[in-house]
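The values are calculated or read from the model by the stated rules, or taken from the named source; none is laboratory data. Treat the numbers as computed from the prediction; the structure is a model and nothing was measured. Cβ coordinates were reconstructed from backbone atoms using ideal geometry, including for glycine residues, and neighbour counts include every protein chain displayed.
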Amino acid sequence: MKNTALTHIHEALGAKLVPFAGYNMPVQYEGINIEHETVRNAVGVFDVSHMGEFLISGPNALSLIQKVCSNDAAKLFDGKAQYSCFPNAKGGIVDDLIIYRLNEEKYLLVVNASNIQKDWDWISSHNDVGAEMRDLSDNFSLLAIQGPKASKAMQSLTSVDLENMKYYTFEVADFAGIEHVIISATGYTGSGGFEIYCKNSEVEQVWNKVMEAGADYGIKPIGLAARDTLRLEMGFCLYGNDIDDTTSPIEAGLGWITKFTKEFTNSEALKKQKGHGTERKLIAFELDERGIPRQGYDIVDGNGHKIGIVTSGTMSPSLKKGIGLGYVPTIFKSIDSKIHIQIRKNSVPATVVKLPFYK
């Protein structure tokens, strides 16, 4: 197992470490609910340095990105980020990612930790345009500082006006005494905040200064378990659960990042799907009674016939009820449709709802 540059700090803080995507990662410190509420109400910091970073550069960088990504990266300008995915040739998804435009000929692609090698091989196999590719994953660290108090708590660490940074923009600027750090107004929690990219050799200084600056705002370190409950309350897809090599972006409700203003891998087939509809859809549901839906549980109809499967599920710390995502035939996708979740021997009634769960 690999360690991040901060593993020794997580150990000193008493974090429970678990293997995740080939890394020892902190899953929790004090407890999921406490950490979840900290991010919803104040500010928390995650070490997500296991994520992958690829630098694509040169005159043909954009044309390579346009070929392998579903979203239209031509719409990006310097300092703008974009959520996208790599469609595969069979109607599924290789991975989802964020694209950062550093300049006209330089883009940073941030990919999921468990897919770094797979993504690198996929992009490389389509690079017949001579774009320069560099895998920076092992040299860079990533902190996610998330919560409604993040901008106030972190303002003393940078000359950038954090309060007025627009969502999905970024700046390369000074942060925590270090020059040339990427400060990105992105995150995976739905509670606002920033993601900070810096070198492994710099991240301990950044972490310490972040904890110091956030002390008056109730900052706490947050583990991956709360990251999962936070993202699920927003209905954000998790690769390996809600999207994978067999799920199309149209089925997954990611039509908004699938732009047919250009050609990309499997775009013709996905365009037909968008026009004709799909046989199944990813839906969000809330349990009508007590219970916790878990990944892999069957979704059944009123007669007990299996119609789908739960891809993500939890007891929502904010809503105090069971919530989840899952694929079902399109006839069950309408808001307020009634379904059931098979929790061991019990068929628990549930209602299809509109995302996000947490408003």
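This table checks each residue for (1) in contact with a strand residue (DSSP E or B) (Cβ under 6 Å, 6 or more places away or on another chain); (2) within 21 Å of Leu13 (Cβ to Cβ); (3) surrounded by 20 or more Cβ atoms within 10 Å (Cβ to Cβ).
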| residue | (1), (2), (3) |
| --- | --- |
| Asp161 | no, no, no |
| Glu179 | no, no, no |
| Cys198 | yes, yes, yes |
| Glu202 | yes, yes, yes |
| Gln205 | no, yes, no |
| Asn208 | no, yes, no |
| Met211 | no, yes, no |
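For the stretch 297-343, give me each residue that is of a type outside the set (S, T, N, Q), part of a loop (DSSP other than H, G, I, E, B) and surrounded by 15 or more Cβ atoms within 10 Å (Cβ to Cβ). Let's see the steps before the verdict.
Going residue by residue through the stretch 297-343, those that are of a type outside the set (S, T, N, Q) are 297-302, 304-310, 313, 315, 317, 319-329, 331-333, 335-336, 338-341, 343.
Among the residues that remain, those that are also part of a loop (DSSP other than H, G, I, E, B) are: 297, 301-302, 304-305, 317, 319-320, 333, 335-336.
Listed by number, the residues that qualify are Tyr297, Asp301, Pro317, Lys333.
Between a residue in the stretch 153-182 that is more than 16 Å from Ile99 (Cβ to Cβ) and any residue that is loosely packed, with under 12 Cβ neighbours inside 10 Å and at pLDDT 95 or above, which pairs come within a Cβ distance under 7 Å, given they are 6 or more apart or on different chains?
Within 7 Å, the pairs are Ala173/Ser159; Asp174/Ser159.
So, of the residues in the stretch 113-129 that are part of a loop (DSSP other than H, G, I, E, B) and in contact with a helix residue (DSSP H, G or I) (Cβ under 8 Å, 6 or more places away or on another chain), which turns out to be surrounded by the most Cβ atoms within 10 Å (Cβ to Cβ)?
Asn127
Looking only at the stretch 233-270, count every residue that is buried (at least 20 other Cβ atoms within 10 Å of the Cβ), aliphatic (A, V, I, L, M) and part of a loop (DSSP other than H, G, I, E, B) and tell me the total.
Counting residues in the stretch 233-270 that are buried (at least 20 other Cβ atoms within 10 Å of the Cβ), aliphatic (A, V, I, L, M) and part of a loop (DSSP other than H, G, I, E, B) gives 3.
Take the residues in the stretch 71-103 that are in contact (Cβ under 8 Å) with a residue 40 or more places away in the chain and of a type in the set (Asp, Glu), then tell me which one is farthest from Asp244 (Cα to Cα).
To start, the set of residues in the stretch 71-103 that are in contact (Cβ under 8 Å) with a residue 40 or more places away in the chain comprises 71-72, 74, 79-96, 98, 100, 102.
In the following step, the residues that additionally are of a type in the set (Asp, Glu) were identified as 72, 95-96.
Working: Asp72: 21, Asp95: 7, Asp96: 9 Å.
Filtering first and then ranking leaves Asp72.
How many residues does the stretch 10-55 contain that are closer than 21 Å to Ala150 by Cα and either modelled with pLDDT under 95 or in a helix (DSSP H, G or I) (or both)?
Looking only at that region, the number is 11.
Report, by residue number, each residue of the stretch 148-174 that is charged (D, E, K, R) and either in contact with a helix residue (DSSP H, G or I) (Cβ under 8 Å, 6 or more places away or on another chain) or assigned to a loop (DSSP other than H, G, I, E, B) (or both). It would help to see each step written out before you state the result.
First pass over the stretch 148-174, keeping only residues charged (D, E, K, R): 149, 152, 161, 163, 166, 171, 174.
Answer for the stretch 148-174, where residues must be charged (D, E, K, R) and either in contact with a helix residue (DSSP H, G or I) (Cβ under 8 Å, 6 or more places away or on another chain) or assigned to a loop (DSSP other than H, G, I, E, B) (or both): Lys149, Lys152, Asp161, Glu163, Lys166.
Here are Ile65, Ile98: which of them is under 27 Å from Val206 (Cβ atoms), of a type outside the set (Gly, Ala, Ser) and either assigned to a loop (DSSP other than H, G, I, E, B) or not assigned by TED's automatic domain parsing to the domain that holds Leu254 (or both)?
Numbers: Ile65 fails: under 27 Å from Val206 (Cβ atoms).
Step by step, each of Ile65, Ile98 is checked, and only Ile98 is under 27 Å from Val206 (Cβ atoms), of a type outside the set (Gly, Ala, Ser) and either assigned to a loop (DSSP other than H, G, I, E, B) or not assigned by TED's automatic domain parsing to the domain that holds Leu254 (or both).
When the stretch 132-147 is examined, which residues are found to be outside any strand (DSSP E or B) and touching a helix residue (DSSP H, G or I) at 6+ places or on another chain (Cβ under 7 Å)?
Step one: filter the stretch 132-147 for residues outside any strand (DSSP E or B), giving 136-139, 147.
Within the stretch 132-147, Ser137, Asn139, Gly147 qualify.
Test of understanding: among Glu53, Glu35, which residue is touching a residue at least 24 places away in the same chain (Cβ under 8 Å), crowded, with 19+ Cβ neighbours inside 10 Å and under 23 Å from Phe140 (Cα atoms)?
Values: Glu35 fails: under 23 Å from Phe140 (Cα atoms).
None of the other options fit; the residue is Glu53.
Taking Gly302 as meeting all but one of (1) farther than 24 Å from Ile98 by Cβ; (2) modelled with pLDDT of 95 or more; (3) not aliphatic (A, V, I, L, M), write down the number of the exception.
So Gly302 meets the others, but not (2).
What is the number of the single condition among (1) hydroxyl-bearing (Ser, Thr, Tyr); (2) under 20 Å from Pro26 (Cβ atoms); (3) surrounded by 21 or more Cβ atoms within 10 Å (Cβ to Cβ) that Tyr188 does not meet?
Of everything listed in (1) hydroxyl-bearing (Ser, Thr, Tyr); (2) under 20 Å from Pro26 (Cβ atoms); (3) surrounded by 21 or more Cβ atoms within 10 Å (Cβ to Cβ), Tyr188 misses just condition (3).
Can you tell me which of (1) in contact (Cβ under 8 Å) with a residue 60 or more places away in the chain; (2) closer than 29 Å to Ala226 by Cα; (3) surrounded by fewer than 18 Cβ atoms within 10 Å (Cβ to Cβ) is the one Ile9 doesn't meet?
(3)
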